[in-house]
Amino acid sequence: MRIGVLALQGDFDAHRKRLEELGSTVMLIKKPEQLNNIEGLVIPGGESSTFLKLLGEEGLAKLKEFVQLKPTLGTCAGAILLAKEVENPKQMGLGAIDMAIRRNAFGRQIDSSIRQGLFQGSPIEMVFIRAPQIARLGPTVEVLATEGDDPVFVRQGKAMAATFHPELTRDFRIHQEFLKLLSNGN
Ligand code: GLN
């Protein structure tokens, strides 16, 4: 099964390494038509507004279609792209997950931080970098991990979104969860 990592900008290479360490075949996606050749996709962190610019109208349309059909994991900026509503400032979202997400929600003072959250009841280290915060969640969205009172890793159907950077710690569980979704043929 071939997994794509959107490689327009941001820290896509850390995701590639992680997925390869877990035994996946990875394809770096630089052109929209390459989406035809993969079974699942990771949208990495970076700058969500830059992703929108680089994708352009055609790329966005293709990506929107992809995320409805195939498993996708968005982390940080990738999570922002997957949301239905984006705030601070408003920008378009692909609507794969029924949530509102607030960009740069922790202000400049907490530009980045490492915090401990809970994934399926067990502690997990989370790296937040100019992180967004989930401001609203639709009733059918499943919360997979939390940090304090905040949902930070969620899933709706084939789409998963984490507001932190699981590719930057040595904990493989978030990517494993995504690979489970892929192998379930969901
Ligand atoms: N602040 C970025 C945005 O709003 C996300 C940061 C990240 O991906 N680490 O898109």
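So which residues in segment 168-180 are touching a Phe, Trp or Tyr at 6+ places or on another chain (Cβ under 9 Å) and under 18 Å from residue 114 (Cβ atoms)?
In the first step, residues of segment 168-180 are kept if they are touching a Phe, Trp or Tyr at 6+ places or on another chain (Cβ under 9 Å); the result is 171, 173-174, 177.
Correct list: 171, 173, 174.
Out of the residues in segment 23-71 meeting the condition of being part of a loop (DSSP other than H, G, I, E, B) and touching a residue at least 60 places away in the same chain (Cβ under 8 Å), tell me which one is farthest from residue 178 (Cα to Cα). Walk me through it before giving the result.
Taking segment 23-71 first, the residues part of a loop (DSSP other than H, G, I, E, B) are 23-24, 30-31, 38-39, 44-47, 70-71.
Remaining after also requiring touching a residue at least 60 places away in the same chain (Cβ under 8 Å): 24, 39, 44-45, 70-71.
On the way: 24: 12, 39: 12, 44: 13, 45: 16, 70: 12, 71: 8 Å.
Residue satisfying both the conditions and the ranking: 45.
Out of the residues in segment 52-67 that are open to solvent by less than 30 Å² (accessible area, probe 1.4 Å) and within 14 Å of residue 96 (Cβ to Cβ), state the one that is farthest from the ligand (Cβ to nearest atom).
Out of the qualifying residues, it is 66.
Within segment 77-186, which strands (runs of 3 or more DSSP E) (wholly inside it) include 1 or more residues that are open to solvent by 30 Å² or more (accessible area, probe 1.4 Å)? Reasoning before the result, please.
On the way: elements: 83-87, 97-102, 112-119, 122-129, 133-137, 142-147, 150-156, 159-162.
Result: 83-87, 97-102, 112-119, 122-129, 133-137, 142-147, 150-156.
Tally the residues that are open to solvent by less than 20 Å² (accessible area, probe 1.4 Å), within 16 Å of the ligand (Cβ to nearest atom) and among the β-branched types (Val, Ile, Thr), restricting the search to segment 23-51.
2
State yes or no: is residue 72 under 16 Å from the mean Cα position of the chain (by Cα) and over 18 Å from residue 130 (Cβ atoms)?
On the way: under 16 Å from the mean Cα position of the chain (by Cα): yes; over 18 Å from residue 130 (Cβ atoms): yes.
Judged against the criteria, residue 72 is a match.
The values are calculated or read from the model by the stated rules, or taken from the named source; none is laboratory data. Please read these numbers as outputs of a predicted model, since none were measured by experiment. Note: ideal-geometry Cβ built from the backbone for every residue, glycine included; neighbour counts use all protein chains shown. These accessible areas exclude ligands, DNA and RNA; they are computed on the full protein's heavy atoms, side chains included. Shrake-Rupley method; radii C 1.70, N 1.55, O 1.52, S 1.80 Å.
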